[in-house]
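Colleague: Sending over a structure as structure tokens; questions will come in a sec.
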Amino acid sequence: MCGIVGYIGKREAYPILIQGLHRLEYRGYDSAGVALIGSKESKLRVFKAKGKVADLEAVASDKDCTGTLGIAHTRWATHGVPSEKNAHPHISQSGQLTLVHNGIIENYATLRSQLEKRGYTFKSETDTEVLVQLIEYFYTNLENNEQHTVEDAELLVSAVRQALHLVIGAYAICVLDSRHPDQLVAARKSSPMVIGVTEGNEEFFIASDASPIAQYTKQMVYLNDEEIVKCERGHELQLFKLTGEEVGVKIKEVNLDLSMLDKGGYPHFMLKEIFDQPSVLRDCMRGRLVGSKLHDNEWIPEKVVLSAVADHKEALLRARRIIIVSCGTSWHAGLIGKQLIEHFCRIPVEVAYASEFRYSDTVIDKDDVVMAISQSGETADTLAAIEMAREKGALIFGVVNAVGSSIARHTDTGTYIHVGPEIGVASTKAFTGQVTVLTLIALALGKAKGLVEEREYEDVLAELNQIPAKIEKVLQQNNKIARLALKYTYAHNFLYLGRGYNYPVALEGALKLKEISYIHAEGYPAAEMKHGPIALVDSEMPVVFIATHHELYQKIISNMQEVISRKGRILAIVTEGDEQVKNMVDEVVEVPETMACLSPLLTVIPLQLLAYHVAVCKGLNVDQPRNLAKSVTVE
């Protein structure tokens with residue numbers, strides 16, 4: 001949700017800010033704005049628009065957009081409807097301060113009431129405007145206090161620090177002050193923020209993530225919670241704790257494949273990312289499947305090597321249980337991870353929604369491992385869950401995609417999925433990346449515990465190595481699935497059914513359809529259908545079955561018969577060459593044969609494509625579905 005971009009340097013800020021906002025459009029938003037301080041005079045100019053960044057560009061097209069200092073924002077509405085007045089940046093009553101903000105100020109109503117008693121007035125319905133007025137209040141007090149010892153250059157940092165002491169909630173903020181045209185101040189708590197630094201401190205870039213600024217510099221500073229940064233032209237970056245103590249600046253080199261941020265000729269990021277999966281899963285496994293040995297007359301990887309497992313081997317081996325905490329698509333990956341870990345490692349696994357886990361009275365001890373799964377690494381509920389688990393002494397293990405993200409920095413150890421930036425709001429390649437990494441973790445830990453038979457270990461490694469090529473084969477059916485999608489645009493409801501490893505895939509398929517086509521869909525274990533959902537089945541109800549050749553195949557055939565007898569329309573995902581199901585149902589999509597534990601990596605692909613093509617047929621915004629945000633950084 002919400003995107004922030006800031007710049008101070010020697011170039012014109014406006015083009016950098018607008019391009020940055022375009023890079024952040026994937027996060028989901030409903031309005032946009034930009035604030036600039038002119039090069040010739042320290043005059044603050046703010047332009048805002050409801051709608052897309054293109055609408056903002058139209059508003060600003062005949063305005064003076066010069067200046068080498070500026071901030072910009074895409075807003076996803078929380079307090080107040082989408083509108084120009086509620087869009088960021090917000091301006092203080094004096095007109096000298098302006099601010100952009102990601103997050104939620106929970107005690108904004110109390111603060112607003114106190115400020116109104118002191119003569120402050122408000123133009124918007126937002127919590128953010130309260131924050132900029134609060135900063136101005138403290139700035140004015142400091143400035144007017146004849147005994148104050150704060151230098152003029154430090155007034156803004158001090159005012160921000162005092163204001164944030166009163167704030168309850170989450171925030172990432174950037175603040176400009178027309179009285180200090182060579183200075184940009186930012187801060188964060190529970191909402192991501194990264195600072196890009198160039199040689200000689202000539203330029204500073206600020207953003208919600210690295211994608212808008214990676215083309216300008218690889219040198220990044222990731223703010224930690226309750227840290228304030230001052231970017232001043234020609235000076236070194238200064239970093240302060242909320243207490244006022246200055247802390248050392250740690251610069252990391254971030255290599256981001258910028259080609260991943262473009263559509264690469266595809267009509268949508270989502271379709272590109274679906275087709276990225278063979279290559280990114282090879283990247284995910286590269287360096288982790290190592291060695292080479294002869295197995296059934298084929299050369300296969302010899303073993304799985306994960307530094308996170310090796311470095312924390314003893315703690316993982318003595319784990320009493322593993323608790324997976326995650327949200328949405330990552331939760332579905334966690335359900336598959338549970339089955340993988342319990343099968344290969346014989347360790348009990350619980351899978352919890354992070355949003356519920358953080359408020360539950362869950363019993364956790366020092367022999368537990370809490371595994372946090374998140375594409376963005378910034379999911380607020382998941383971050384809160386791991387902090388709660390840390391307080392109880394558990395080992396915290398992260399499975400994330402975004403390098404340098406908050407979860408990656410707040411866990412004891414972990415594994416990146418390395419699938420590259422995921423721009424489409426509906427997660428695709430991150431899901432298969434998470435499942436792949438969970439498979440590697442289960443194999444590595446199971447081998448370390450001596451619980452995996454050598455033959456099974458080799459068989460799984462051999463098959464895992466073939467999965468990217470098999471996904472490529474599934475993707476060859478894209479045009480067929482696009483034609484099938486035309487038949488389902490009429491539907492108001494869908495039912496997705498699977499068993500075993502593919503029950504979570506049914507949940508994921510239903511979620512994808514809901515997210516981007518706005519068709520109500522439910523996923524269930526197939527055997528649970530007769531405990532309620534079967535009441536929905538009629539001739540107008542499409543039912544998707546995941547029915548590949550595994551130990552529960554005959555069981556799911558029986559479940560299909562129950563739907564057929566009630567005139568339900570069935571689309572089945574089946575193993576290549578399956579004539580039995582093909583002769584029973586309306587439509588089939590075939591996937592190559594594979595092992596049960598790896599089948600989700602294949603069966604999910606047709607479901608991703610189905611959701612995509614149904615949404616395209618309905619003329620919907622596939623990459624930015626309504627009401628959704630890519631990174632959920634608030635509760």
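The values are calculated or read from the model by the stated rules, or taken from the named source; none is laboratory data. All values reported here derive from a predicted model rather than from experimental measurement. No Cβ is skipped: glycine too gets one built from the backbone with ideal geometry, and neighbour counts run over all protein chains shown.
Colleague: Any residue in segment 202-230 that is of a type in the set (Lys, Arg) sitting within a Cβ distance under 6 Å of a residue that is modelled with pLDDT under 90? List the pairs, counting only those 6 or more apart or interchain.
Modeller: Sorted first by the residue in segment 202-230, then by its partner, the pairs are LYS218/GLU253; LYS218/VAL254.
Colleague: Further question on the same structure: Of everything in segment 82-114, what is crowded, with 16+ Cβ neighbours inside 10 Å, more than 27 Å from the chain's Cα centre (by Cα) and among the polar types (S, T, N, Q)? Give them in sequence order.
Modeller: Those that are crowded, with 16+ Cβ neighbours inside 10 Å, more than 27 Å from the chain's Cα centre (by Cα) and among the polar types (S, T, N, Q): SER92, GLN93, GLN96, THR98.
Colleague: Here's another thing I want to ask about it. Just one of ALA308, ALA384, ALA319 is in the same structural domain as ILE423 (by TED's automatic domain parsing), out of contact with any strand residue (DSSP E or B) (no Cβ under 9 Å at 6 or more places or on another chain) and not β-branched (Val, Ile, Thr); which is it? Spell out the reasoning first.
Modeller: Details: ALA308 fails: out of contact with any strand residue (DSSP E or B) (no Cβ under 9 Å at 6 or more places or on another chain); ALA319 fails: out of contact with any strand residue (DSSP E or B) (no Cβ under 9 Å at 6 or more places or on another chain).
On inspection, the qualifying residue turns out to be ALA384.
Colleague: Further question on the same structure: Answer yes if at least one residue in segment 422-431 is farther than 23 Å from SER191 by Cβ, of a type outside the set (S, T, N, Q) and not in a strand (DSSP E or B), and no otherwise. Spell out how you get there, then give the answer.
Modeller: Step one: filter segment 422-431 for residues farther than 23 Å from SER191 by Cβ, giving 428-429, 431.
Those still in the list that are of a type outside the set (S, T, N, Q) too: 429, 431.
Add one more test, that the residue is not in a strand (DSSP E or B), and what stays is 429, 431.
Yes, segment 422-431 contains a residue that is farther than 23 Å from SER191 by Cβ, of a type outside the set (S, T, N, Q) and not in a strand (DSSP E or B).
Colleague: Among the residues of segment 233-288, write down those that are under 20 Å from the mean Cα position of the chain (by Cα) and outside any helix (DSSP H, G or I).
Modeller: Those that are under 20 Å from the mean Cα position of the chain (by Cα) and outside any helix (DSSP H, G or I): VAL254, ASN255, LEU256, ASP257, ASP262, LYS263, HIS268.
Colleague: Right, next: Answer yes or no: is there a residue in segment 344-361 that is of a type in the set (Asp, Glu), at pLDDT below 90 and under 26 Å from GLY404 (Cβ atoms).
Modeller: no
Colleague: A further question on this structure: Kindly establish whether GLY70 is at pLDDT 90 or above, buried (at least 23 other Cβ atoms within 10 Å of the Cβ) and not polar (S, T, N, Q).
Modeller: On the way: at pLDDT 90 or above: yes; buried (at least 23 other Cβ atoms within 10 Å of the Cβ): yes; not polar (S, T, N, Q): yes.
So GLY70 passes the test.
Colleague: Another question, then. LEU451: over 25 Å from the mean Cα position of the chain (by Cα), crowded, with 18+ Cβ neighbours inside 10 Å and not basic (Lys, Arg), yes or no? Break it down into steps so the answer makes sense when it comes.
Modeller: On the way: over 25 Å from the mean Cα position of the chain (by Cα): yes; crowded, with 18+ Cβ neighbours inside 10 Å: no; not basic (Lys, Arg): yes.
Against the criterion (over 25 Å from the mean Cα position of the chain (by Cα), crowded, with 18+ Cβ neighbours inside 10 Å and not basic (Lys, Arg)), LEU451 does not qualify.
Colleague: Also, I was wondering about something else. Mind checking which residues of segment 252-271 are surrounded by 15 or more Cβ atoms within 10 Å (Cβ to Cβ) and at pLDDT 85 or above?
Modeller: If the condition is that a residue be surrounded by 15 or more Cβ atoms within 10 Å (Cβ to Cβ) and at pLDDT 85 or above, then HIS268, PHE269, MET270, LEU271 are the ones that fit.
Colleague: Residues of segment 187-230 being over 12 Å from VAL249 (Cα atoms) and of a type in the set (Ser, Thr, Tyr), which ones?
Modeller: Within segment 187-230, SER190, SER191, THR198, SER208, SER211, TYR216, THR217 meet the criteria.
Colleague: From LEU513, LEU440, grab the single residue that is over 22 Å from MET270 (Cβ atoms), in a helix (DSSP H, G or I) and within 23 Å of the chain's Cα centre (by Cα). Quick ask: steps written out before the conclusion?
Modeller: Working: LEU513 fails: over 22 Å from MET270 (Cβ atoms).
After applying the criteria, what remains is LEU440.
Colleague: Turning to a different aspect of this structure: State all residues of segment 13-48 that are outside any strand (DSSP E or B) and touching a helix residue (DSSP H, G or I) at 6+ places or on another chain (Cβ under 8 Å); if no residue qualifies, say none. Can you show your working first?
Modeller: Filtering segment 13-48 for residues outside any strand (DSSP E or B) gives 13-30, 38-43.
Within segment 13-48, TYR14, ILE18, LEU21, HIS22, ARG23, GLU25, TYR26 qualify.
Colleague: Say we look at segment 90-135 and pick out the residues that are aliphatic (A, V, I, L, M) and free of Cβ contacts under 8 Å to residues at least 24 places away in the same chain; which of these is farthest from GLY169 (Cα to Cα)? Spell out the reasoning first.
Modeller: So in segment 90-135, the residues aliphatic (A, V, I, L, M) come out as 91, 97, 99-100, 104-105, 109, 111, 115, 130-132, 134-135.
Still in the list and also free of Cβ contacts under 8 Å to residues at least 24 places away in the same chain: 109, 115.
Numbers: ALA109: 12, LEU115: 18 Å.
Once the filter is applied, the top-ranked residue is LEU115.
Colleague: Could you list, in sequence order, the residues of segment 223-257 that are farther than 13 Å from ASN201 by Cα and in contact with a helix residue (DSSP H, G or I) (Cβ under 7 Å, 6 or more places away or on another chain)?
Modeller: Within segment 223-257, ILE228, PHE240, LEU242, GLY244 qualify.
Colleague: To continue, here is another question. For segment 327-339, indicate whether the set of residues that are basic (Lys, Arg) and in contact with a helix residue (DSSP H, G or I) (Cβ under 8 Å, 6 or more places away or on another chain) is non-empty. If you could, list the steps in order and put the result at the bottom.
Modeller: Keep residues of segment 327-339 that are basic (Lys, Arg), which gives 338.
Add one more test, that the residue is in contact with a helix residue (DSSP H, G or I) (Cβ under 8 Å, 6 or more places away or on another chain), and what stays is none.
Looking for residues that are basic (Lys, Arg) and in contact with a helix residue (DSSP H, G or I) (Cβ under 8 Å, 6 or more places away or on another chain), one finds none in segment 327-339, hence no.
Colleague: What do you reckon, is ILE300 farther than 26 Å from ARG23 by Cα and crowded, with 19+ Cβ neighbours inside 10 Å? Give the steps one after another, and end with the answer.
Modeller: Values: farther than 26 Å from ARG23 by Cα: yes; crowded, with 19+ Cβ neighbours inside 10 Å: yes.
The answer is yes for ILE300.
Colleague: Scan segment 105-122 for residues that are more than 19 Å from THR78 (Cβ to Cβ), touching a helix residue (DSSP H, G or I) at 6+ places or on another chain (Cβ under 8 Å) and either among the hydroxyl-bearing types (Ser, Thr, Tyr) or outside any helix (DSSP H, G or I) (or both) and jot them down.
Modeller: ARG118, TYR120
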